[in-house]
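The values are calculated or read from the model by the stated rules, or taken from the named source; none is laboratory data. Treat the numbers as computed from the prediction; the structure is a model and nothing was measured. Note that each Cβ is placed from the backbone with ideal geometry, even for glycine, and that neighbours are counted across all protein chains shown. Ligands, DNA and RNA are excluded from the accessible area calculation, which covers all protein heavy atoms including side chains. Shrake-Rupley method; radii C 1.70, N 1.55, O 1.52, S 1.80 Å.
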Amino acid sequence: QPKKQGRPIKQGFLVKHRCIRGDWSKAQITNNWKKRWFQLINTTMVYYKLPSDTKPKGWFEIDGSTWETADDKTGKKFSFAIHTKESTTFVLVATSADMFSNWTSIIQSLLSSATSAP
């Protein structure tokens, strides 16, 4: 169960590929994409089918993760991949350039502050 303390730092729709476990460089991108409502609460990404849902479809921790743009790998504009410390990759696509830069700058700043903490 995700930690639900605090208000979302960011929320909005992203299109999510099914989780990729193991070696990202060898992963096959399929047509398994689903639009999901994401909330970033503290350092946990929680996702739902709809904004009105109360039970999440899933979640992952971004603390200790890395991220990269993924347009070349997915063939989709505004896509990025978050590689968790559990060796699972979440591939996400934003709906616009603004949404892409908004999500990725927030994730980048959280990851930067987590790694620079004593």
Report summary line: Note on segment 38-71: residues in contact with a Lys or Arg (Cβ under 6 Å, 6 or more places away or on another chain) and small (Gly, Ala, Ser) are Gly64
Query raised in the report: Any idea which of Gly75, Gly22, Gly58 is touching a Ser or Thr at 6+ places or on another chain (Cβ under 7 Å) and under 15 Å from Val91 (Cα atoms)?
Result: Gly22
Query raised in the report: Are any residues in segment 72-90 at negative phi, out of contact with any Lys or Arg (no Cβ under 6 Å at 6 or more places or on another chain) and not basic (Lys, Arg), and if so, which ones?
Result: Asp72, Thr74, Ser79, Phe80, Ala81, Ile82, His83, Thr84, Glu86, Thr89, Phe90
Report task. Starting from segment 34-51, take each residue that is under 17 Å from Thr104 (Cα atoms) and open to solvent by less than 30 Å² (accessible area, probe 1.4 Å) and list its partners that are of a type in the set (Gly, Ala, Ser) and part of a loop (DSSP other than H, G, I, E, B), counting only C-beta distances under 8 angstrom and pairs at least six apart or across chains. Result -> Ile41/Gly6
Query raised in the report: Which residues, counting only those in segment 14-31, are open to solvent by 60 Å² or more (accessible area, probe 1.4 Å) and over 18 Å from Ser87 (Cβ atoms)?
Result: Asn31
